[in-house]
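The values are calculated or read from the model by the stated rules, or taken from the named source; none is laboratory data. Note that the structure is a prediction, hence the values are computed from the model and not measured. Positions of Cβ are backbone-derived with ideal geometry, glycine not excepted, and every protein chain shown enters the neighbour counts. To get the accessible areas, we keep the full protein, side chains included, count just its heavy atoms, and leave off ligands, DNA and RNA. Shrake-Rupley method; radii C 1.70, N 1.55, O 1.52, S 1.80 Å.
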Amino acid sequence: MPEGLVYVDGEFVKPNEAKISVFDHGLLYGDGVFEGIRFYNGRIFKLGEHVDRLFASAEKIGLPIPMTKEEFATAVLRTTSKSGLKDGYLRPLVTRGAGDLGLDPRKSKRSSVVIICSTINLYGNKHELGLKAIVASVRRTPPSSLNPNIKSLNYLNNILAKSEANLKGADEAIILDIDGYVAEASADNIFAVKGGVVYTPPTTTNLVGITRGTILELAKGHYETRVERFRVDFLLKADEVFITGTGGEVAPVVELDDQKIGTGVPGPITKDLQKRYFELVRSTGVPIPPSGNNGH
Ligand code: PXG
C-alpha cells in the first residue's frame, strides 16, 4: 500500500481504507476532474495555481465543488500536514459522485472530493540520463472534441500513447495533434532547443501546464523563447528536447523513435533549466502547517 493519507469528503483516512462507491460516475464514466501537485521541503509548490486550475476544469464540465477555493486549499494543506510527509505528491480529485446507472450527470446528487497525499516516482534516474521517446500512433483528442484544459478523469487517449511507448521499450510517448503538429507527451508538455532558442508549442491542443509556465519564466532573460507549432522533424533536428510536468518535473529526451537527439545526452540548456527548476521548487511554495496546529 502506498504511504501517506487520504481526505475523502471531510474525513482523513489511511490509504488502504480510502474508498469511493462503485456507482461513482467518476469511476463509471470518467466524469470528474483532478490535479497533480508536488510538495518539496515542507512547502506546496504553486498550490494556488493548481486549485485555480482544478476549479476551472470543474466549471468547464458543470461539476459543482462543495467548497470554496480557500477551503479546498486548506483541506490540501491539512491532509499534507497530517500525512507527516515533507516531500511528496498530492492528487486532489473531484468526481460527479455516486448516482444511478446512466451517464446523465443529474443522477449524481453530490460531488465527491478526494485528496490523496502520497509519493510518486515517474522516471527514476532518467532525469540525469535522459528518456527514450516514441511518436505515438494515436493523435491527441482535438480541441473541438474535448477541451485540452479540462484535466478530466478520462485519460485513455494518453494511456494508449503511454502503453505504445511501453511496448516499444521507450519511456515516453510524444503525441501529435490532429493536424500532425507536436502537442505534448502523455502527461507532460514538450520543449525543443535549437541554436540557443527555447521552443514550445502553443496550448491550443495541449494542457496549459504549470511546469511549462514555470520553465518559460525561468528561461526569461537567459534564453530567447518562442511559442510556436512544430512537427516531428523539428524535434529530430533539435539540439535538445525536454518534457515538463508536475510529476515528471524537467526530464531530458535523448532519443526519439530510435534516433539520437543532439549528441544523445542531456544538453546544457536543459540541464541549466532543470537545475534552476529544482532550486525554485525547493525554496518556494505554501508552507505546510505543523500537524498539531491545524485545527484537528
Ligand atoms: N499535459 C498533460 C496531458 C498532463 O496531464 C501536463 C501536461 C503537465 O502539466 P503540469 O501542470 O503538471 O506542469 C499534465 C500533467 C499523474 C500526473 O498523476 C499527471 C500530471 C501531472 C502530475 C501527475 O500521473 N499531468
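Could you work out how much longer the chain between GLU228 and GLU11 gets when fully extended? Use 0.36 nm per residue separation minus the Cα distance between them, nm to one decimal.
Result: 73.6 nm gained on full extension.
Set the Förster distance to 30 Å, then compute FRET efficiency between LYS237 and PHE278 from the Cβ-Cβ distance, nearest 0.05.
0.60
Report the extension gain between THR74 and GLU217 in nm, rounded to one decimal, defined as 0.36 nm multiplied by the number of residues separating them, less their alpha carbon distance.
Here the answer is 48.8 nm.
Build a GNM of the chain with springs between Cα atoms under 10 Å: which of ARG106, ARG91, ARG229 gets the top mean-square fluctuation?
Most flexible of the set in this elastic network: ARG106.
Ignoring everything except DSSP H segments at least 4 long, calculate the 222 nm mean residue ellipticity for the chain; use -39,500 (n - 2.57) per segment, divide by total residues, nearest 500.
Computed ellipticity for the chain at 222 nm equals -8000 deg cm²/dmol.
So what is the relative contact order for the chain, in percent, with contacts set as C-alpha pairs under 8 Å and at least six apart?
20
Of the options GLY102, VAL113, TYR40, report the single residue whose Cα projects farthest towards the positive end of the charge dipole of the stretch 6-120 (beta-carbon charges: Lys, Arg +1; Asp, Glu -1).
TYR40
Tell me, what ³J(HN,Hα) does each residue in the stretch 133-143 have, in order and in whole Hz, if you take phi through Karplus 6.51 cos²θ - 1.76 cosθ + 1.60 with θ = phi - 60° and put x for Gly and Pro?
10, 10, 8, 5, 7, 7, 8, 4, 3, x, x
Distance check, please: which entries in LYS109/LYS162; LYS132/LYS220; LYS126/LYS237; LYS69/LYS109; LYS86/LYS168; LYS162/LYS220 exceed 24 angstrom between their Cα atoms? Kindly include the intermediate steps, with their values, before the conclusion.
On the way: LYS109/LYS162 34 Å; LYS132/LYS220 28 Å; LYS126/LYS237 22 Å; LYS69/LYS109 21 Å; LYS86/LYS168 36 Å; LYS162/LYS220 31 Å.
Those over the limit are LYS109/LYS162; LYS132/LYS220; LYS86/LYS168; LYS162/LYS220.
Over the chain, with every protein chain in place, what whole percent of the accessible area is carbon and sulfur at 1.4 Å, could you tell me?
Details: 7240 of 13640 Å².
Here carbon and sulfur together make up 53 percent of the probe-accessible area.
What residues qualify as long-range amide H neighbours of LEU256, i.e. H under 5 Å apart, gap of 5 or more or another chain, H built at 1.01 Å from N?
Residues meeting the amide H criterion: ALA133, ILE261.
Kindly write out, for the stretch 259-266 in residue order, the coupling ³J(HN,Hα) from the Karplus curve 6.51 cos²θ - 1.76 cosθ + 1.60 (θ = phi - 60°), rounded to whole Hz, with x marking Gly and Pro.
Computed from phi, the couplings for the stretch 259-266 are 10, 5, 9, x, 8, x, 10, x Hz.
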